[in-house]
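Data block below; observations after.
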Amino acid sequence: MKKLLLLLTAVSLSASSLFATDYTLRLDYIFSGDATHTEISLAKMGKLDGWWGRTVNSDILLLRGNGQIILRDSATNQVLYCNSFSTLFSEWQCTPEALHTRKAFENVFLVPMPEATAYVTVKMLDKRDSVTASMTHIVHPDDILIRPVASPYTLDKCRYVHKGGDSKDAIDIAIVGEGYTKEEMEIFYRDAKETADQILSYEPFKGKADKLNFIAVPVESKESGVSIPLKGEWKQTAFSSHFSTFYTDRYLTTLHLFDLHDALASIPYEHIIILANTDNYGGGGILNSYVLTAAHNPWAMPVVVHEFGHSFAGLADEYFYDDGTDQYDLNTKPWEPNITTLIGFKSKWEDMIEKKEIVTKSDQKNPAYTTLVESDYKVGIYEGGGYLSEGIFRPFPTCRMRDNTYPLFCPVCQRAISRMIDYQTIQLPE
Ligand SMILES: [Zn+2]
């Protein structure tokens, strides 16, 4: 017994010895450019009490993402912490507007406050895995211009709608209101509870509920509802969100990341879900950035689970169109765990299939496929996914990442989510 205790101590020391957990360093950046150029600039640095992110696997990346942030000790060059992310800026770079206009987008990343001088590198990657921009800057932890950030929404003014464990051990997910007035806060709390309950009704979140905390943050907006540019309706809301992002009617996002993180500065938070007080259909989810979803549409709850699949676990959309976009390069392995171009398939879900057989687009029109019942569904290689009907493959006939009416994540998505929860909470074997 004594031997076992000693071993556990050794593991926990090595897991958390890379940095102290007293403070968070908040890094605010502007990503700017156009379709072919990206510039990353530091806007400001802030300091928050406590560190609520990973203390395990802190120097390992689980997903490649569309971008990465890496914190290194300047004396030893050792990676202290790294994380991957996606950003609205990358999505905007694929729009027609980016061909003729330069724009700037806010991005915020949280890293543990280093104990000694450190370097931070932020880099962006394109769909072919090439680095499109990289910026490294120095951080002196005693820099007098690192501003302490605090919010009026302290923990005593928030409500846990689910508490699985202590913030040090569990993953803290903030649910914030957008477009809820002071008088509508009870509606917000009810919506936040329903959101947490909905996510926790899906495996593997259900089985690992003790690893997840959901904290409802009652952010007040001056006006009720959110902006709908298509109808000429603009509202004064806490995070200035609106539909028609990039001129796509249903795409509801906020570009005001600095305001969003200001509101959360005094609570433990690692992931963010923004509930918009509207019955219009829409939303969006961006890896390690946020989920924003309309709370009062009939599809709101399946949609929030789908979008959380994007923002929490980096899952790709498994749906597709005949005239789909070229968001993925067919000669590159996509980093999302639930789609494949067959390049590097071994590291995808090859271990979960019996035979490496492709169910092609035309196979899926045959009675053998169209008459399949759910109990016959098998993990395989199904053509169509990631917005393209050919050349990209999904792992299962359907999934929460494909269809709002399907009540489960497919087995491959379940494994990916499960791995993400473990990555954030358990020291993985070397
Ligand atoms: Zn799936």
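The values are calculated or read from the model by the stated rules, or taken from the named source; none is laboratory data. None of these values were measured; they are calculated from a predicted model. Positions of Cβ are backbone-derived with ideal geometry, glycine not excepted, and every protein chain shown enters the neighbour counts.
Among the listed residues 252, 257, identify the single one that is closer than 25 Å to residue 157 by Cα and under 17 Å from the mean Cα position of the chain (by Cα).
So the residue among 252, 257 that is closer than 25 Å to residue 157 by Cα and under 17 Å from the mean Cα position of the chain (by Cα) is 257.
Can you tell me which residue in segment 280-311 is surrounded by the most Cβ atoms within 10 Å (Cβ to Cβ), limited to those that are more than 21 Å from residue 257 (Cα to Cα) and away from the ligand (no atom under 16 Å from the Cβ)?
300
Going by the conditions given, is residue 370 within 27 Å of residue 131 (Cα to Cα) and either modelled with pLDDT of 95 or more or more than 16 Å from the ligand (Cβ to nearest atom) (or both)?
Spelling it out, it is not the case that residue 370 is within 27 Å of residue 131 (Cα to Cα) and either modelled with pLDDT of 95 or more or more than 16 Å from the ligand (Cβ to nearest atom) (or both).
I want to confirm something. Restricting to segment 232-251 and keeping residues that are of a type in the set (D, E, K, R) and at pLDDT below 95, which single residue is nearest to residue 96 (Cα to Cα)?
249
How about segment 219-230: which of its residues are surrounded by fewer than 19 Cβ atoms within 10 Å (Cβ to Cβ) and touching a Gly at 6+ places or on another chain (Cβ under 9 Å)?
Once the filter is applied, which keeps residues that are surrounded by fewer than 19 Cβ atoms within 10 Å (Cβ to Cβ) and touching a Gly at 6+ places or on another chain (Cβ under 9 Å), segment 219-230 yields 220, 223, 224.
Given the structure, is residue 90 assigned to a helix (DSSP H, G or I) and among the small types (Gly, Ala, Ser)?
For residue 90, the condition - assigned to a helix (DSSP H, G or I) and among the small types (Gly, Ala, Ser) - is met.
Which residue is surrounded by the fewest Cβ atoms within 10 Å (Cβ to Cβ), if the candidates are limited to segment 79-130 and must be of a type in the set (Ser, Thr, Tyr) and within 17 Å of the chain's Cα centre (by Cα)?
That would be 84.
What number of residues within segment 349-371 are free of Cβ contacts under 8 Å to residues at least 12 places away in the same chain and in contact with a Lys or Arg (Cβ under 8 Å, 6 or more places away or on another chain)?
Summing the residues that are free of Cβ contacts under 8 Å to residues at least 12 places away in the same chain and in contact with a Lys or Arg (Cβ under 8 Å, 6 or more places away or on another chain) in segment 349-371 gives 1.
Out of (1) in contact with a Ser or Thr (Cβ under 6 Å, 6 or more places away or on another chain); (2) under 24 Å from residue 287 (Cα atoms), the odd one out for residue 419 is which?
Exception for residue 419: condition (1).
Please go through segment 284-318 and pick out each residue that is in contact with a Lys or Arg (Cβ under 8 Å, 6 or more places away or on another chain) and at pLDDT below 95.
Passing the criteria: only 302.
Return the residues of segment 182-205 that are farther than 14 Å from residue 275 by Cα and of a type in the set (A, V, I, L, M); say none if nothing qualifies.
The answer is 200, and nothing else.
Name the residues in segment 378-407 that are among the hydrophobic types (A, V, I, L, M, F, W, C) and either more than 10 Å from the ligand (Cβ to nearest atom) or touching a Lys or Arg at 6+ places or on another chain (Cβ under 6 Å) (or both), would you?
Result: 381, 388, 392, 393.
In this structure, does residue 33 turn out to be crowded, with 20+ Cβ neighbours inside 10 Å and either in the same structural domain as residue 171 (by TED's automatic domain parsing) or not basic (Lys, Arg) (or both)?
It is true that residue 33 is crowded, with 20+ Cβ neighbours inside 10 Å and either in the same structural domain as residue 171 (by TED's automatic domain parsing) or not basic (Lys, Arg) (or both).
Among the residues of segment 89-104, is there at least one that is within 29 Å of residue 141 (Cβ to Cβ), polar (S, T, N, Q) and touching a Phe, Trp or Tyr at 6+ places or on another chain (Cβ under 7 Å)?
No.
List the residue pairs whose Cβ atoms are under 6 Å apart, where the first residue sits in segment 308-323 and is part of a helix (DSSP H, G or I), the second is within 10 Å of the ligand (Cβ to nearest atom), and the two are 6 or more positions apart or on different chains.
Pairs found: 309/315; 309/401; 313/416; 313/417.
Given the criteria within 25 Å of the chain's Cα centre (by Cα) and in contact (Cβ under 8 Å) with a residue 60 or more places away in the chain, does residue 339 qualify?
no
So in segment 408-430, with the set limited to residues that are part of a loop (DSSP other than H, G, I, E, B) and hydrophobic (A, V, I, L, M, F, W, C), which one is nearest to the ligand (Cβ to nearest atom)?
410
Per-residue answers, yes or no, for (1) of a type outside the set (A, V, I, L, M, F, W, C); (2) closer than 18 Å to residue 88 by Cβ; (3) not assigned by TED's automatic domain parsing to the domain that holds residue 219:
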| position | (1), (2), (3) |
| --- | --- |
| 250 | yes, yes, no |
| 253 | yes, yes, no |
| 266 | yes, no, no |
| 269 | yes, no, no |
| 275 | no, no, no |
| 297 | yes, no, no |
| 301 | no, no, no |
| 307 | yes, yes, no |
| 334 | yes, no, yes |
